[in-house]
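Pasting a structure here, questions to come.
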Amino acid sequence: MLRAAVGAIVDASGRRPLVVLALALCALLGTWHFALKVLTHPHTDLRELLPSDSPGLKAFEHQLGRVGGGASLLVVVESPNRSANQRFVDDLSVRLDAMAEDQKTHGQELIAHVESGTKDVRRFFEDNKWLYAEQADLDGAYDTLDFQIAIQSGLVSNLDDDDDSPRVPSSTERSQSTAKKPALGLDEYRDRWKAKAKSRDDFPSGYFETEDGGMFGVRIVSRTSGLGDAGGELLLRGVEGVIRDMRPVDYNPSMRVGFAGDIPNAVAEKDSVVSEAAWASALALLLIVAAVVWFYRSAWSLAIIALPAILGVGGAYAFAYLRFGYVNTTGMFLGAIILGNGINYPIVLLSRYREFRSRGQDPAAARREAVQNALRAELVGACVASIAYGSLTITHFRGFSQFGWIGFVGMLLVWGAMIPCVPALIVVVEWVQSKLGMRTDLGMVSYGASRGSIMRAVARLSERAPWSVAAIAVVLMAAAAWRLPGFLRDPWEYNFDRLGSRGSKQGGAGEWSNKAEKVFGGKMNVAGALMLADTPEQVPALKAQIVANDSADPQGRLIADIATVYDLLPGSPEEQGRKLETLDRIRERLTPAVVDSLPPGERARVEELRPPDSLRVLGPRDLPALLRRRFEENDGRVGTVFYVKYKNDVVLSDGHNLLRIAKSTDNVKLADGTVVQTASRATVFAEMIRSMAIDGPRATLVSFLAVALVVVAATRNLRGAVAVLGALVMGVVLLVGGAAWFGEKLNYVNFITLPITFGIGCEYPFNVYDRSRLLGGHVSDAVLRVGGAVALCSYTTVVGYGSLLLADFQALQSFGRMAVSGELACLSGALFLLPALLHLFGRGDARAVLERSSTA
């Protein structure tokens, strides 16, 4: 029934080719209309890769809803003129504040706040320097003041005076200097308290700047996550527009302005992925076009082969638009892969058509015979490829599942589009060729012969020395498998520095990040991972529990400190109360009579240190905005935010550390059983590793078993099934073993090569096997007739993958390396091991075929 239905479609396409092509064109325009929507607006936020029901992700998004992402956008201004830099920062701050107000008016609050300097911080600590003094220091100041007043009033003699009368000092006098001091002995306290106030402010000028004034900075704190979300990019583009309108060169001809921080780094990563995926697709297309023209010796073959693949790619992304509404990072470059894999089907079909035409069949019969002859192999190829992709859809890791759905639909659509489109295109192309007076052979070759000597040599080798070929394959697999046990115990890439963009670290955002480090460093910054308690009262318990979890880590502690808003206050309310009592006593001792009796210079210094009447117990809301806002929720609540600071030697790009951090800090369970939804950026990366470790083996096993079942059902005999699966095993072992030998680890991008390799590892050898079956078991004849087409299919796929090796994004490079390795291993299994196994299991009359091809 399937053959009859396919034959009817082929005949109808031959009779009404223009109708078929008109419908194909409509489908092409319609699908690509939706495809371009998702391709031009991808979702590169790493959260889009994680399972939507992940506890860590839920906690992180719960936190985002309360405090926003808190991602930073640092603007660095550089010129040799300090005053020009200062004027630019002042003007920029005004414009950014206006931009924030405008966003608030339009309901799109991307900017949480803008920080351009520390003037308020300096003023706050200067005004409250008495409260930030230690209690012991305040007590000492009072005792010194009291004693100096006593000396001044004559109640206690000045032991520095020349007084010969014998006198024994009191215990109080022995505990402190007994000499009369200027400014009632308060100078040393004045200097110490002012120094302590200044220690809270690393920027004496009130601006974020380097010591030489050559670089100034502005910190924009956003409500985005800084993980590649669209809001971060929108904010960056908006700030770029503001700066462009300001024309920095008008302030100083050599002024440069750049960006650093979470947001520009994430945008740089995204731009790298998008641009490299586009370049990879363009380069792959160019090389594939050249190979197809060379192989068929006909440029007309391009239209016949390309249309079904392009329809499949467009349809796959249109499906993504309708099913998901977007594509994530892993889905962005899937088009090049579908193109490289999907083009295999029309290549094989066109090759069959050329073969039947070379036998002297008329075009209509050749079209029908080609489709029906290739139907079994093409259907099996489409099934195993779709199953390989489809196995990813059972995973919860969205980076895998979305990729699997798009690939599954795309491969089936290519196969479905091929059946009506290729025959219709053949008719149209041959009609055009006839009208132009050209030959209508589409580059036919002689029956039974390969165009070159390579396939003849391959067929001869496997026919004459099958044992040697099989032995070499076994040796290679054994060598590859030598390191598999250690690799499979933990195959995941934990170094996230090996996955991102190299260029963004060396130039662009990376270059300006180094400059921003010189401006800001760790100054005026509450370093660490932002986390949230449900109530301010939970913070002490949370702090204690996280410290306990970290202390229980068998590999050692990672956390250096946990900072809360109360760490910025001069003590608890009770401690501040005691300080105020002491300060009241100091104030009472500094009566007008005492102060007026001092020389003018000393009087001014004492008045400066006299505690003002306005001093009071300070709370979190009394802190300057620059500090308070770091601990403030969107609704203005203060006290629930805290920061976990890690030790200086903790590498946060190491996934092992991220997993340990997440274990200590995520979703903390308090002593009373309450679970607090705590999370940080480390949560996202740790969840990614955990999800891959769970879903990866599951998808791999399902893919392999499903593909094996299809092969067994399609071959219908033990000889064919063992040969095809043997070639598959060879391809997979060489791929994974090669990764183990060369230190290639699996990540959220290159893992996808495993199920893809299962599909390819069956598709190529099954094509060769099925051709030998149709030729009555003549294996070498099958290699001669289909080997070139299989090699071209492999070449187009290798080109698609290989173009990724030129990418700057390291995760894409690793994908390209593994995919090319798997492709070449599978091709070797199809052209060498499978024919050798078929010869060993039951020889065909290959020698006669070889002699016949040589004569031809």
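So if I check each of 67, 6, 19, which one is modelled with pLDDT under 85 and closer than 30 Å to residue 421 by Cα?
Every option except 6 fails the conditions.
Which is under 26 Å from residue 60 (Cβ atoms) and either among the β-branched types (Val, Ile, Thr) or at pLDDT 90 or above (or both), of 539, 594?
It is 539.
Report yes if residue 166 is modelled with pLDDT of 90 or more and assigned to a loop (DSSP other than H, G, I, E, B), otherwise no.
no
Just checking, which of 732, 707, 711 is crowded, with 16+ Cβ neighbours inside 10 Å, touching a Gly at 6+ places or on another chain (Cβ under 9 Å) and at pLDDT 90 or above?
Exactly one of 732, 707, 711 is crowded, with 16+ Cβ neighbours inside 10 Å, touching a Gly at 6+ places or on another chain (Cβ under 9 Å) and at pLDDT 90 or above, namely 732.
Cβ-Cβ distance below 8 Å, separation of 6 or more or different chains: which pairs start in the range 691-704 with a residue that is of a type in the set (A, V, I, L, M, F, W, C) and end on one that is open to solvent by 30 Å² or more (accessible area, probe 1.4 Å)?
From residues that are of a type in the set (A, V, I, L, M, F, W, C), the pairs are 694/396; 699/394; 702/394.
May I ask you to list the residues in the range 289-308 that are among the aromatic types (Phe, Trp, Tyr) and free of Cβ contacts under 8 Å to residues at least 12 places away in the same chain?
Scanning the range 289-308 gives a single hit, 294.
Can you confirm whether the range 714-724 contains a residue that is without any contact (Cβ under 8 Å) to a residue 24 or more places away in the chain, open to solvent by less than 50 Å² (accessible area, probe 1.4 Å) and closer than 29 Å to residue 783 by Cα?
For the range 714-724, residues without any contact (Cβ under 8 Å) to a residue 24 or more places away in the chain, open to solvent by less than 50 Å² (accessible area, probe 1.4 Å) and closer than 29 Å to residue 783 by Cα: present.
Go through (1) surrounded by fewer than 23 Cβ atoms within 10 Å (Cβ to Cβ); (2) part of a helix (DSSP H, G or I); (3) not basic (Lys, Arg) one by one and return the number of the condition residue 341 breaks.
(1)
Still on this structure, please answer the following. Any idea which of (1) at pLDDT below 85; (2) in a helix (DSSP H, G or I) is the one residue 782 doesn't satisfy?
It fails just one condition, (1).
Just the residues that are of a type in the set (Val, Ile, Thr), at pLDDT 90 or above and open to solvent by less than 10 Å² (accessible area, probe 1.4 Å), please, taken from the range 209-242.
Within the range 209-242, 218, 239 meet the criteria.
Can you name the condition, by its number, that residue 92 falls short on among (1) within 46 Å of the chain's Cα centre (by Cα); (2) touching a residue at least 24 places away in the same chain (Cβ under 8 Å); (3) open to solvent by 20 Å² or more (accessible area, probe 1.4 Å)?
Failing condition for residue 92: (3).
Consider only pairs whose beta carbons are under 7 Å apart and that are at least six residues apart or on different chains; among these, list those whose first residue lies in the range 249-271 and is touching a residue at least 60 places away in the same chain (Cβ under 8 Å) and more than 21 Å from residue 219 (Cβ to Cβ) and whose second residue is β-branched (Val, Ile, Thr) and buried (at least 19 other Cβ atoms within 10 Å of the Cβ).
270/44
On to the next question. Could we say that residue 95 is more than 28 Å from residue 318 (Cα to Cα) and not in a loop (DSSP other than H, G, I, E, B) here?
yes
Please work out if residue 482 is farther than 30 Å from residue 778 by Cα and modelled with pLDDT of 90 or more.
Here the answer is yes, as residue 482 does meet what is asked.
Further question on the same structure: Among the residues that make up the range 117-139, is at least one of them touching a strand residue (DSSP E or B) at 6+ places or on another chain (Cβ under 6 Å) and among the small types (Gly, Ala, Ser)?
yes
From the residues in the range 652-684 that are open to solvent by 40 Å² or more (accessible area, probe 1.4 Å) and either touching a Gly at 6+ places or on another chain (Cβ under 9 Å) or over 23 Å from residue 490 (Cβ atoms) (or both), which one is modelled with the lowest pLDDT?
That would be 681.
What number of residues in the range 630-649 are at pLDDT below 85 and buried (at least 16 other Cβ atoms within 10 Å of the Cβ)?
Going through the range 630-649 one residue at a time, the tally reaches 1.
Right, something else. Residue by residue through the range 604-618, note down the ones that are in contact (Cβ under 8 Å) with a residue 12 or more places away in the chain and either over 15 Å from residue 132 (Cβ atoms) or in a helix (DSSP H, G or I) (or both).
Answer for the range 604-618, where residues must be in contact (Cβ under 8 Å) with a residue 12 or more places away in the chain and either over 15 Å from residue 132 (Cβ atoms) or in a helix (DSSP H, G or I) (or both): 605, 606, 607, 608, 609, 610, 613.
Out of all the residues in the range 766-779, which are in a helix (DSSP H, G or I) and farther than 16 Å from residue 388 by Cα?
Once the filter is applied, which keeps residues that are in a helix (DSSP H, G or I) and farther than 16 Å from residue 388 by Cα, the range 766-779 yields 767, 768, 769, 770, 771, 772, 773, 774, 779.
Being part of a loop (DSSP other than H, G, I, E, B) and either surrounded by 17 or more Cβ atoms within 10 Å (Cβ to Cβ) or modelled with pLDDT of 80 or more (or both) is the filter here; which residues of the range 169-200 pass it?
178, 180, 181, 186, 200
So, one more: Select the helices (runs of 4 or more DSSP H) contained entirely in the range 526-600, then report the ones holding at least 2 residues which are within 22 Å of residue 668 (Cα to Cα) and open to solvent by 30 Å² or more (accessible area, probe 1.4 Å).
Because the criterion is at least 2 residues that are within 22 Å of residue 668 (Cα to Cα) and open to solvent by 30 Å² or more (accessible area, probe 1.4 Å), the helices (runs of 4 or more DSSP H) in the range 526-600 that meet it are 539-551.
Quick check on the range 663-671. Is at least one of its residues in a helix (DSSP H, G or I) and aliphatic (A, V, I, L, M)?
Checked the range 663-671: no residue is in a helix (DSSP H, G or I) and aliphatic (A, V, I, L, M).
The values are calculated or read from the model by the stated rules, or taken from the named source; none is laboratory data. Bear in mind that the values here come from a model prediction, so they are computed numbers and not experimental data. Methodologically, a virtual Cβ is constructed for each residue, glycine included, from the backbone with ideal geometry; neighbour enumeration extends over all protein chains shown. These accessible areas exclude ligands, DNA and RNA; they are computed on the full protein's heavy atoms, side chains included. Shrake-Rupley method; radii C 1.70, N 1.55, O 1.52, S 1.80 Å.
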